[in-house]
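Enquirer: Handing you this structure, nothing more for now.
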Amino acid sequence: MKNLMKIKTFVIVLALQFIALFAISQTAKFNYQAVVRDNLGNPLVNAMVDIDVRILQGAVDGTEVFAENHQAETNAFGLVTLQVGSIEDLSVVDWSADTYFFEVTVDDELMGTSQLLSVPMAVSATYAENYDESDPLYSMAPASIITNDDINDWSAAYSWGDHSGLYLPSDYTPELEETDPLYSTAPASTITNDDISDWSTAYSWGDHSGLYLPSDYTPDYSNLVNLTDDQVIAGTKTFTGTVVVPTPVNEYDAVPKEYVDALLDRLLELELATGLKVQDIDGNLYSTVTLGTQVWMQENLKTTKYRNNTDIQFINDNATWNSNTDAAYCQAYHVPSNGDIYGNLYNWEAVNTGMLCPEGWHVPTSVEWQELMTWLEDNGFGYGGSGAEVAKSLSSQDYWYSGGTTEGTVGWQTHLNNSSTFDARPGAFMRGFNDTPGYEVYFWASNESNATNAYKASWTYYSTTPNLGTSQKFYGFSVRCLKD
């Protein structure tokens with residue numbers, strides 16, 4: 001029954017992401033429709049499904065502002081229809097305050113989260129119907145600020161009669177004959193307009209008081225660097241320009257950059273020769289980890305070329321990926337920088353060339369994946385030190401969704417992850433649309449189960465044990481290489 005639920009949930013993920021229709025009404029509700037299919041692509045007809053929906057504010061893992069549960073039955077075409085807001089009050093969501101994301105969970109398993117666009121736009125359109133237009137010309141005119149008090153004051157002033165001659169014009173300047181005997185003897189009496197202009201200019205330069213030395217300053221030359229002879233210099237000194245450093249001979253001699261570069265090159269050669277690191281045809285370096293008798297790459301594969309230096313087809317949009325039948329790769333969510341974090345996602349046709357991994361390495365078979373899981377289980381890497389719950393020990397501490405609440409799952413207390421140092425990062429997958437990284441990881445095996453499917457190892461943030469199963473070959477999964 002558990003396996004049946006996994007299959008049912010997996011195929012629902014496929015369907016829910018393909019069709020989503022929204023409609024807003026005056027009563028703060030909207031419709032959600034999705035086609036549910038089985039793993040062969042056939043509609044799941046006349047079946048009951050348990051669907052939880054949540055609206056999250058600000059981000060895919062943002063604050064929950066709305067949630068409700070639906071028990072729904074698919075129709076004769078596999079279509080299920082929900083009216084979001086028919087159970088709980090949807091008007092609590094302030095659509096104008098932020099961006100919102102729609103999360104769907106089927107049978108207690110998270111299917112995915114995507115940004116809501118149609119619903120907030122429709123709500124905004126509803127609000128627009130209640131807008132009261134004002135006079136835009138009057139609101140910009142000077143008269144718009146006149147108050148009743150102003151009018152009353154002006155009327156009172158008018159009642160006083162003509163008193164215009166009582167006031168001097170604004171440009172009036174009195175003629176003063178008296179001089180200031182104190183000012184004429186003060187130092188300020190010699191200040192001219194040019195002086196004031198110069199001082200204003202100097203003030204505009206900012207505080208430059210520290211740029212000038214006092215008149216009685218005497219420089220100290222005792223700590224200057226001599227160009228010849230031995231010398232003891234205290235403190236830290238910074239040099240500009242080119243400093244010529246000879247090849248070191250004595251214990252504390254400085255070394256030039258080319259000497260350090262050559263040493264680093266030699267260290268890399270030794271790491272590659274001893275198997276501490278492995279390098280692909282693109283020059284990417286990977287650390288390695290030994291688990292039992294197996295030696296694995298410690299990172300997901302990033303190469304863009306086969307090991308014979310031939311380019312692998314790169315696809316960066318969903319439509320092309322859907323129609324493609326040849327070997328290809330992409331990055332998670334079509335974001336190039338994700339390739340540096342999660343490695344690339346390859347379809348099984350690229351795996352099947354046998355040329356993805358560096359010389360002396362290969363994509364593991366499903367049997368070799370099982371061998372790894374068994375060794376981890378037998379050697380105390382299960383959660384709590386025993387058992388088959390080894391997904392947490394395989395997963396990296398970083399990049400996983402860390403909101404899990406079930407003890408022993410990958411997303412629960414992620415700082416406890418990766419005791420095996422396998423460091424699996426959640427690059428998600430590509431399957432006609434690109435799933436959001438951070439929630440699950442899928443790795444290809446090199447052997448197929450039939451003409452359309454091949455074996456894979458996978459787990460999610462709410463998993464405790466890895467799943468060894470099959471998937472359609474056109475999916476884009478991560479690849480880990482195993483030493484021959």
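The values are calculated or read from the model by the stated rules, or taken from the named source; none is laboratory data. Here the structure is a predicted model, which means the values were calculated and not measured. As a convention, Cβ positions derive from the backbone with ideal geometry for all residues, glycine included, and neighbour counts pool all protein chains shown.
Enquirer: So TRP459 passes all but one of these: (1) over 18 Å from the mean Cα position of the chain (by Cα); (2) under 15 Å from TRP348 (Cα atoms). Which condition number does it fail?
Expert: In the conditions (1) over 18 Å from the mean Cα position of the chain (by Cα); (2) under 15 Å from TRP348 (Cα atoms), TRP459 misses (2) alone.
Enquirer: Additional query: Can you name the condition, by its number, that VAL367 falls short on among (1) surrounded by fewer than 17 Cβ atoms within 10 Å (Cβ to Cβ); (2) among the aliphatic types (A, V, I, L, M); (3) more than 29 Å from SER393 (Cα to Cα); (4) at pLDDT 95 or above?
Expert: All conditions pass for VAL367, except number (3).
Enquirer: State whether one or more residues within the stretch 56-63 are closer than 24 Å to PRO437 by Cα and either at pLDDT below 90 or in the same structural domain as TYR401 (by TED's automatic domain parsing) (or both).
Expert: Yes: the stretch 56-63 contains one or more residues that are closer than 24 Å to PRO437 by Cα and either at pLDDT below 90 or in the same structural domain as TYR401 (by TED's automatic domain parsing) (or both).
Enquirer: Something else: Taking the conditions exactly as written (of a type outside the set (Gly, Ala, Ser) and in contact with a Ser or Thr (Cβ under 8 Å, 6 or more places away or on another chain)), does GLU359 satisfy them or not?
Expert: no
Enquirer: Quick one: which residue in ASP311, ASP326, ASP340 is in contact with a helix residue (DSSP H, G or I) (Cβ under 7 Å, 6 or more places away or on another chain) and loosely packed, with under 14 Cβ neighbours inside 10 Å?
Expert: Result: ASP326 is the single residue among ASP311, ASP326, ASP340 that is in contact with a helix residue (DSSP H, G or I) (Cβ under 7 Å, 6 or more places away or on another chain) and loosely packed, with under 14 Cβ neighbours inside 10 Å.
Enquirer: Next question. Mind checking which residues of the stretch 340-356 are touching a Leu at 6+ places or on another chain (Cβ under 9 Å) and either more than 18 Å from TYR455 (Cα to Cα) or not assigned by TED's automatic domain parsing to the domain that holds GLU448 (or both)?
Expert: Passing the criteria: GLY343, ASN344.
Enquirer: Assigned to a loop (DSSP other than H, G, I, E, B), closer than 27 Å to PRO43 by Cβ, at pLDDT 75 or above and polar (S, T, N, Q), is that true of ASN69?
Expert: When the stated conditions are applied, ASN69 does not pass them.
Enquirer: Pairs under 7 Å by beta carbon, first residue under 30 Å from GLY360 (Cα atoms) in the stretch 308-325, partner of a type in the set (A, V, I, L, M) and part of a helix (DSSP H, G or I), six or more apart or different chains?
Expert: Going by the 7 Å Cβ cut-off, the qualifying pairs are ILE312/ALA350.
Enquirer: In the stretch 35-66, how many residues are part of a strand (DSSP E or B) and of a type outside the set (Ser, Thr, Tyr)?
Expert: Count: 16.
Enquirer: Now, a different point. Of the residues THR405, THR414, THR409, which single one is buried (at least 20 other Cβ atoms within 10 Å of the Cβ) and without any contact (Cβ under 8 Å) to a residue 24 or more places away in the chain?
Expert: The match here is THR414.
Enquirer: Specify which of the listed residues (GLU368, GLU377) is out of contact with any Ser or Thr (no Cβ under 7 Å at 6 or more places or on another chain), under 23 Å from VAL278 (Cβ atoms) and in contact (Cβ under 8 Å) with a residue 12 or more places away in the chain.
Expert: Result of the check over GLU368, GLU377: GLU368.
Enquirer: In addition: Within the stretch 262-287, can you find the residues that are within 32 Å of the chain's Cα centre (by Cα) and at pLDDT 70 or above?
Expert: If the condition is that a residue be within 32 Å of the chain's Cα centre (by Cα) and at pLDDT 70 or above, then LEU276, LYS277, VAL278, GLN279, ASP280, ILE281, ASP282, GLY283, ASN284, LEU285, TYR286, SER287 are the ones that fit.
Enquirer: So GLY360 fits all but one of (1) under 19 Å from ARG480 (Cα atoms); (2) out of contact with any Lys or Arg (no Cβ under 8 Å at 6 or more places or on another chain); (3) surrounded by fewer than 17 Cβ atoms within 10 Å (Cβ to Cβ); what number is the exception?
Expert: (2)
Enquirer: Could you tell me how many of the residues in the stretch 303-340 are acidic (Asp, Glu) and over 20 Å from ASN284 (Cα atoms)?
Expert: Counting residues in the stretch 303-340 that are acidic (Asp, Glu) and over 20 Å from ASN284 (Cα atoms) gives 2.
Enquirer: For the stretch 380-394, give me the residue count where each residue is in a loop (DSSP other than H, G, I, E, B) and surrounded by 14 or more Cβ atoms within 10 Å (Cβ to Cβ).
Expert: Number satisfying all stated conditions: 7.
Enquirer: Anything in the stretch 435-484 that is closer than 22 Å to GLN331 by Cα, of a type in the set (A, V, I, L, M, F, W, C) and touching a helix residue (DSSP H, G or I) at 6+ places or on another chain (Cβ under 9 Å)? List them, or say none.
Expert: Answer for the stretch 435-484, where residues must be closer than 22 Å to GLN331 by Cα, of a type in the set (A, V, I, L, M, F, W, C) and touching a helix residue (DSSP H, G or I) at 6+ places or on another chain (Cβ under 9 Å): VAL441, PHE443, TRP444, ALA445, ALA454, ALA457, TRP459, PHE474, PHE477, VAL479, LEU482.
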